[in-house]
1. Please name which of A:Tyr128, A:Gly180, A:Val169 has its Cα lying farthest along the dipole of region A:114-191 towards the positive end, using unit charges on Cβ (Lys, Arg +1; Asp, Glu -1) and the Cα centre as origin.
2. Report, largest value first, the span of the C-alpha coordinates of region A:114-191 along each principal axis, in whole Å.
3. So which residue, out of B:Thr16, B:Thr133, B:Thr60, gets the largest mean-square fluctuation from a GNM of chain B using Cα contacts under 10 Å as springs?
4. Please give me the summed charge of the neighbours of B:Leu119: other residues whose Cβ is under 14 Å from its Cβ, Lys and Arg +1, Asp and Glu -1.
5. Rg and Dmax of region B:1-75 over Cα atoms: what are they, in angstrom?
6. Per-residue Cβ counts within 10 Å, from other chains only, averaged over B:139-148: what number is that?
7. Beyond 21 Å, what percent of the Cα pairs of chain A remain?
8. Could you work out the relative contact order of chain A, using alpha carbon pairs under 8 angstrom and six or more residues apart, expressed as a whole percent?
Amino acid sequence: MSDLFSSVPAGDAEALATLLAARATDAGLVDVRLRTIDTRVGTLLLAATPVGLVSVTFDGADPDATIERLADRLGSRVLRDVRGLDDVAHGVEALADGRTRTFDGDLDLALASGFRGEVVRALREIPYGETRSYGDVARAVGSPGAVRAVGTACRLNPLPIVIPCHRVVRSDGSLGQYAGGEAAKRVLLSTEGAIEG
Amino acid sequence: MTLPPFDRVVQQHGPTVYRVVRAVVGPSDADDAWSDAFLAALEAYPRLDAEANVAGWLVTIAHRKAIDVLRRSSRSLSMAEVPDRAAPHRDPDLDLRRALAALPDRQRSCVVLHHLGGLPFDEVAASLGVSSTAARKASSDGVRRLRALLEAGDE
């Protein structure tokens, strides 16, 4: 029976997904658009809402768990947009590869609420090429005793690389933890000249 | 239980939906019909029951959208057109589409939903508002007619 219908093709999945993402974005029907990029610090998954870039994660090679979490938090209308989000993709690529110092696009801090949101805002004030200790950041947000909570907020920063949680290190000079792994943190900091590479 | 990210639905069912619309509308309108179907599905998606049969829901939408596109399109093949015996180079894709277009509506719908959409006959029946027995019979009559038309074209 199937031979009768074997001539009907299944379509070009990537071209179709691109068409759908464009039409759905125009129609205002997308909660989250997704794109992956390859950088020196690994394959990143970028996610953007209509407001702006909302999430950067280091699991671009195997992003299913993150995509599910984003759908739970931000809405189920999630679409891959392989050829869209170009400005966002180029901006993050340039940052990760050390070709630029700041990200100019819009950000959506919906995934950083409460205390974590305060910490994330404080991280944006740390200048390029400098580092701060977790205690410094705790004092900056007016909670000098909350050093551990600051560490957690840094680890859960929804926009690493773009919001420079990599510039927060331990007071003993060791790098401390990082969502992308210690090697990625070292690459980012040495690119900025903040540590010896 | 929450709905999976819509992207997963596209990846899982995109090829099947494409084959459904492609068989009905042909190559030039297939991308439009495919995206019409997924756009309609995306619009309704947040209201979908998490336990719903997503394949049946999508294939039903795709079939309706394909028929809409076919009705709109001035490029559609005449329903009466039969395979062109004189064609020097056989194009199995075009032949199948012409033969499908020559079927009565009910038969064509049942064949497309069952054989291209992969829906079992009870779901084909629900999608078209007919009995399961009628859907099964229309599909097998349709396939018999298709074979006859395609063999006639092969002579």
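No lab work stands behind these numbers, since they all come straight from the coordinates. Please read these numbers as outputs of a predicted model, since none were measured by experiment. Neighbour counts are summed over all protein chains in view; Cβ atoms, including those assigned to glycine, are modelled from backbone coordinates with ideal geometry.
1. It is A:Gly180, whose Cα lies furthest towards the positive end.
2. 30, 25, 20
3. Result: B:Thr133 has the largest fluctuation of those listed.
4. Values: positive: B:Arg19, B:Arg64, B:Arg136; negative: B:Asp122, B:Glu123.
Taking every Cβ under 14 Å from that of B:Leu119, the sum is +1.
5. 12.4, 44
6. Details: counts 0, 1, 0, 0, 3, 0, 0, 2, 2, 0.
If you average over the peptide's residues, the count of other-chain Cβ atoms is 1.
7. Values: 10505 of 19306 pairs.
Value for chain A: 54 percent of Cα pairs lie more than 21 Å apart.
8. Taking the mean separation of contacting Cα pairs over the length of chain A, I get 18 percent.
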